[in-house]
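J.: My questions all concern the structure below.
None of the figures in this text is laboratory data; all of them are computed from the coordinates on show. In this text, all values refer to a predicted model and were calculated from it rather than measured experimentally. Cβ: placed from backbone, ideal geometry, glycine included. Neighbour counts: every protein chain shown.
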Amino acid sequence: MIAITKIGTYLPEKKISNLDLLDKFDTDEGFVRDKIGVVSRTRKQPAEKASDLCVKAFEDLMSKSELNIDDIECCLVVTQNPDFNIPHTSAIVHGALNLPENCACFDISLGCSGYVYSLSIVTAFMQANGMSQGLLFTADPYSEIIDENDKNTALIFGDGATVTLLESAKEGLVALGFEFGSKGAGYKNLINDGKLSMNGRAVFNFTAATIPVSVNQLLEKLNLTKEQIDRWYLHQGSKYIVDTITMRLGLDKDKVVFDMYEYGNTVSSSIPLLLSKDLENINAGEKIALSGFGVGLSWASAILEMN
């Protein structure tokens, strides 16, 4: 049994305030706070790459655990903004952390659904190969591809990174089941063609129509009800989309986690950033739901239980 035991995080100190850009984008504070849900966005230093953010998240993980680097058997990095096209960013992270040579390393090119997809991948990979400890990194510095004059994207995305420690036969969050999907015909609605371009209305409509169905299908497959889920961790795309999914699923608002005001949409890092703040307070037997959605267009949902 593979479980999430610790999560390390990194958010850059530098921030850009959306409230300073109201006139530039002809908008108001109410729209920024209540619809986008991002008051300020974190920004990495220009010279920093995805691997640098991963290393800083790992430093935070080390402060929370008694991890022995020599025991790490696999290292995955979720990113669509890698350091280079070749080599894979996980190899760079491997070298920077001086992980053992018998550690398997590979990247996963997914965006906002990437954390949930990768939890399934790394859990199955570790179980199939008899591994006891693995690291799952997320780092997607969208500041490298944002057009700062594009209202559809400039006010939304922030930089950040996380690393999830997965261990066998440990107390922690264990996946009960997953549900995945893709709508590749809509790929042009969120695309990087030199600079990030997003059809916000199309992405919203896709998400609002798809995610409630995905979540209900997963609950049915696991013979669970919404009322049996103690906390909901939805990808922090915007406050409006989190509120919309909450309403369409008929969820208790007090059980839905929202926290992106001070750093923005961090893509694959958004769900583990939320989880990192709650992990120590989830009690044995409690169940949580995750759902990531966006670029692809793709989505993935999961139910986990604390053992």
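J.: Mean 1/r over all different Cα pairs, inverted: what Kirkwood radius does the range 132-201 give, in Å?
T.: That comes to 15.4 Å for the range 132-201.
J.: Shifting gears a bit: If I take every Cα pair under 8 Å that is 6 or more residues apart in the range 2-168, average their sequence separation and divide by the length, what percent do I get for the relative contact order?
T.: This gives 35 percent for the range 2-168.
J.: Among the GluC sites (Glu not before Pro) in the range 58-108, which ones are in a DSSP loop with at most 14 other Cβ atoms within 10 Å of the Cβ? Mind listing them?
T.: Filter output for the range 58-108: 66, 101.
J.: Related question: Of 228, 241, 51, whose Cα points farthest to the positive end of the dipole of the chain (charges on the beta-carbon: +1 Lys, Arg; -1 Asp, Glu; origin at the Cα centre)?
T.: 241
J.: Fewest to most neighbouring Cβ within 10 Å: what's the order for 78, 93, 203?
T.: So the ranking, lowest neighbour count to highest, is 203, 93, 78.
J.: Would you work out which of 270, 74, 4 lies farthest towards the positive end of the dipole of the chain, given +1 charges on the beta-carbon of Lys and Arg and -1 on that of Asp and Glu, about the Cα centre?
T.: Going by the Cα projections, it comes out as 270.
J.: Quote the relative contact order of the range 168-281 in percent (integer), defining contacts as alpha-carbon pairs under 8 Å separated by 6+ residues.
T.: 22
J.: Check residue 104: other-chain or 5+ apart residues with amide H under 5 Å from its amide H, H built from backbone geometry?
T.: When sequence neighbours closer than 5 places are left aside, the close amide H contacts are 74, 75.
J.: Further question: Among DSSP beta bridges whose residues both lie in the chain, state the antiparallel percentage, nearest 5.
T.: Of those bridges, close to 70 percent are antiparallel.
J.: Also: Given a Förster distance of 22 Å, report the FRET efficiency between residue 277 and residue 230 from their Cβ-Cβ distance, rounded to the nearest 0.05.
T.: 0.90
J.: Using the Cα centre as the reference, give the magnitude of the dipole from point charges on the C-beta atoms of the chain (Lys, Arg: +1; Asp, Glu: -1; all else neutral), rounded to the nearest 20 debye.
T.: Dipole of the chain, to the nearest 20 debye: 780 debye.
J.: Compare the peptides 24-36, 257-269 by average per-residue count of other Cβ atoms within 10 angstrom and give them in order, highest first. Could you put the intermediate results ahead of the total?
T.: Values: 24-36: 13.9, 257-269: 23.5.
My ranking of the peptides, most packed first, is 257-269, 24-36.
J.: May I ask you to work out the translational diffusion coefficient for the range 1-108 at 4 °C, viscosity 1.567 mPa s, via Stokes-Einstein with Rh from the Kirkwood sum over Cα pairs, reported in whole µm²/s?
T.: 79
J.: Find, among the GluC sites (Glu not before Pro) in the range 121-195, those assigned to loop by DSSP (not H, G, I, E, B) with at most 14 other beta-carbon atoms within 10 angstrom.
T.: Hits after loop and neighbour filter: 148, 171.
J.: When a footprinting reagent is the concern and you count Cβ atoms within 10 Å, what order do 84, 157 take, fewest first? Write out the running numbers ahead of the final one.
T.: Values: 84 12, 157 24.
Final ranking by Cβ density, sparse to dense: 84, 157.
J.: Here's a follow-up. Have a look at 197, 173, 260 and report the one farthest towards the positive end of the charge dipole of the range 173-306, computed about the Cα centre with Cβ charges (Lys/Arg +1, Asp/Glu -1).
T.: It is 197.
J.: While we're on this one: Charges only on Cβ, +1 for Lys and Arg, -1 for Asp and Glu: so what's the dipole of the range 2-168 about the Cα centre, in debye to the nearest 20? Each step should come with its number before you reach the end.
T.: Numbers: 13 positive and 25 negative charges, 43 e Å.
The calculated dipole for the range 2-168 is roughly 200 debye.
J.: For the chain, what is the relative contact order in percent, using Cα pairs closer than 8 Å and at least 6 residues apart in sequence?
T.: Result for the chain is 27 percent.
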